[in-house]
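Below: the structure, in structure tokens.
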Amino acid sequence: MLDAPTPPLLEGLNGFLDALALLNDASGHRSNYRVEPLPPALDLRLALKQYFAARHPGTEAASLEVSWHIRHSALDRNWPNILRPILKHWFFEQHFSPLPIQHSNGQALVVTRFIERLLDCFGPCELHEIFVTPPIWYDSHWQDFAIVSADGQRWLLHLGFSA
């Protein structure tokens, strides 16, 4: 059983995401990529309700699941290969994506390194795609994933941008 990711591993993972987000920023456009813990709860559904309620004060957790239409879908065991094109899209196919890494081999290397860091941080884990339709501002465009480690800890991988 793995312990929670050590702060240096998690900081390194978020530093990696911060660098890629900065490369995708432009005037009037802010990228936001991060991994953060989900609140402790009996299951993923409750953890997501608590997470979104905490991020948006005044929203009651009890009504949040309905008002935000929170759903999640587990990806299969082959999730790293499912995640690769999604990460490539967020890191390199946005309107303001970095020009220095336009070569597909360089992009593949960056995506592979991120997945390796994710696995270093969380070990064998499950990945669930999160679907929400918020009634208030969240981001202009986003894609969220829940990471569930072998010991049951849960984390949110957020990929988004605001215009």
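The values are calculated or read from the model by the stated rules, or taken from the named source; none is laboratory data. Nothing here was measured: the structure is a model prediction, and the numbers come from that model. When we count neighbours, we look across all protein chains shown, and the Cβ atoms used for this are built from the backbone with ideal geometry, even at glycine.
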Taking the stretch 102-131 and the residues there that are modelled with pLDDT of 85 or more and assigned to a loop (DSSP other than H, G, I, E, B), the one that is surrounded by the fewest Cβ atoms within 10 Å (Cβ to Cβ) would be P124
Quick check on my filter: what residues within the stretch 47-71 are surrounded by fewer than 17 Cβ atoms within 10 Å (Cβ to Cβ), outside any helix (DSSP H, G or I) and modelled with pLDDT of 80 or more?
H69, R71
S149 vs. criteria surrounded by 12 or more Cβ atoms within 10 Å (Cβ to Cβ), among the hydroxyl-bearing types (S, T, Y) and at pLDDT below 90:
no
Within the stretch 132-146, considering residues that are of a type outside the set (F, W, Y) and in a strand (DSSP E or B), the one modelled with the highest pLDDT
A146
So which residues in the stretch 76-85 are crowded, with 16+ Cβ neighbours inside 10 Å and under 22 Å from V132 (Cβ atoms)?
W79, L83
